[in-house]
1. Given the conditions (1) of a type in the set (A, V, I, L, M); (2) buried (at least 16 other Cβ atoms within 10 Å of the Cβ); (3) in contact (Cβ under 8 Å) with a residue 60 or more places away in the chain, which single one is not true for LEU130?
2. For the stretch 163-175, how many residues meet the condition of being aliphatic (A, V, I, L, M) and surrounded by 13 or more Cβ atoms within 10 Å (Cβ to Cβ)?
3. In the stretch 280-318, what count of residues is obtained for those that are part of a strand (DSSP E or B) and either outside the structural domain of GLY247 (by TED's automatic domain parsing) or touching a residue at least 24 places away in the same chain (Cβ under 8 Å) (or both)?
4. Among the candidates ARG315, ARG297, ARG328, single out the residue that is basic (Lys, Arg), more than 21 Å from PHE248 (Cβ to Cβ) and modelled with pLDDT under 90.
5. Can you name every residue in the stretch 339-397 that is of a type in the set (D, E, K, R) and surrounded by 11 or more Cβ atoms within 10 Å (Cβ to Cβ)?
6. Any residue that is acidic (Asp, Glu) and either free of Cβ contacts under 8 Å to residues at least 24 places away in the same chain or not in a loop (DSSP other than H, G, I, E, B) (or both) - is there at least one of those in the stretch 342-352?
7. Take the residues of the stretch 74-100 that are under 29 Å from ALA49 (Cβ atoms) and surrounded by fewer than 12 Cβ atoms within 10 Å (Cβ to Cβ): which is modelled with the lowest pLDDT?
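The values are calculated or read from the model by the stated rules, or taken from the named source; none is laboratory data. Note that the structure is predicted; figures quoted are calculated from it, not measured. Because the Cβ atoms are built from the backbone with ideal geometry, glycine has one as well, and the counts that use them run over all protein chains shown.
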Amino acid sequence: MAETISISEAARRSGVSASTLKRWAEQGVVEVERGRWTAAAAAQARLVARMRERGHPLAEIRNGVRDGRLATGALEDLLPGPARIHTRAEAAATVGLEEELVERIMGLLGTPMAMTDRISDEDVAALEMLAGVLRNGFPLVALLQLVRVYAQAIRKVAEAEVRLFHLFVHEPMIREAVPPLDMAEDMQRMAGELLPAVSPFLEYIHQRYLRFYMEQDVVGHMEADLPLSRPSADRVLMAFCFVDLTGFTRYTEEEGDEEALDMIERFVETVEATLPADATIVKTIGDEVMVVASDPRMLTEWAVGFLTLFAERPRPRTGIHFGGAVYRDGDYFGGDVNLTHRIVARALGGEVIITKAAVEQIGESEYLQFESLGELTLKGFPEPTELFVASARDDMT
């Protein structure tokens, strides 16, 4: 049974007067069993107050409370708010950074411009960590990119946590008509078990991938040919690959959005499950996946084998190129990336098309054979590009 708190404590936690809490309880706007206030009820009252500030009528809120739609308010107790607020100038003076840089970092972390002058103790502690990194010589331009990547990645993590909790925990409870306070307490208990495990698990994943990419970086430096090992400071040499589904728009029109979404999920999951260790998914855009790798031979061999897994429409197709790109914020940009994107559009379903640059890097392969398509003009590129169809050698099929 949940611990009972006094109404004065409930008022303190919710920011609502005791008299208003009594009235809301009598009206059924806040669920209170036999006059016993709990942390869940106080959290519910806090959420009701917030809804009232937004202009929602009490009748509408009462319905939301009764069917459990507002039960998530109790979860906020697991994420305490800031104890103290600082101005941007105060925070900058504390951590030894310029105000403009503090504002920029807070913006990268998703803080609206109007709120960058309200900085919490937790924000100051994070800024102090970044200031220490800069004092030890880490380049500012690289640090800002890392902050942006960290923020984008963790934002996706937090969004997934909330969405999946809603879909697989909250919604089933609503359908089963679980009493609102029981619902709030059950969700608080489950979240209380999950949240402490998140940070150490993310740290484990981070270190696991960090070791892998450090090894890949060292190997890449050792194996690179001397003429190609001197890219500019912000460019990297990689094999770029785009994979998409041919005729996907028509497939969606014929089969419907849900079937199309299922197809995309199966497609992306198959890419993830079959990629060689050297390769990484950079991003997915609809039915298209961008992959990079340091080894074009391994990437091409994977692509040829991957396409054989799809016998029915919409079949994947692939374009591969080896070249240089600017690396920014976890993504790759430049003419060679754009060229790869154009190449995949020339491929048929089940076909892997690669450039001469990729063929030359691959060299001899026990698995692959290449058929020249000649020099083709690609949209946006004035000079023709020599392309090849890559496939499994005849004696391997």
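1. Only one criterion in (1) of a type in the set (A, V, I, L, M); (2) buried (at least 16 other Cβ atoms within 10 Å of the Cβ); (3) in contact (Cβ under 8 Å) with a residue 60 or more places away in the chain is unmet by LEU130, namely (3).
2. Kept after step one, since they are aliphatic (A, V, I, L, M), are these residues of the stretch 163-175: 164, 167, 169, 173-174.
This time we only want the ones that are surrounded by 13 or more Cβ atoms within 10 Å (Cβ to Cβ), so: 169, 173-174.
Residues flagged as aliphatic (A, V, I, L, M) and surrounded by 13 or more Cβ atoms within 10 Å (Cβ to Cβ) within the stretch 163-175 amount to 3.
3. 11
4. Details: ARG315 fails: more than 21 Å from PHE248 (Cβ to Cβ); ARG297 fails: modelled with pLDDT under 90.
One residue alone meets the criteria, ARG328.
5. In the first step, residues of the stretch 339-397 are kept if they are of a type in the set (D, E, K, R); the result is 342, 346, 351, 356, 360, 364, 366, 371, 375, 379, 383, 386, 393-395.
The answer is ARG342, ARG346, GLU351, LYS356, GLU375, GLU386, ARG393.
6. No: the stretch 342-352 contains no residue that is acidic (Asp, Glu) and either free of Cβ contacts under 8 Å to residues at least 24 places away in the same chain or not in a loop (DSSP other than H, G, I, E, B) (or both).
7. GLY81
To keep it simple, each residue is scored yes or no on (1) small (Gly, Ala, Ser); (2) surrounded by 14 or more Cβ atoms within 10 Å (Cβ to Cβ); (3) modelled with pLDDT under 80.
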site: ARG148; (1), (2), (3): no, yes, no
site: ALA153; (1), (2), (3): yes, no, no
site: GLU161; (1), (2), (3): no, yes, no
site: ASP182; (1), (2), (3): no, yes, yes
site: MET187; (1), (2), (3): no, yes, yes
site: GLU203; (1), (2), (3): no, no, no
site: HIS206; (1), (2), (3): no, no, no
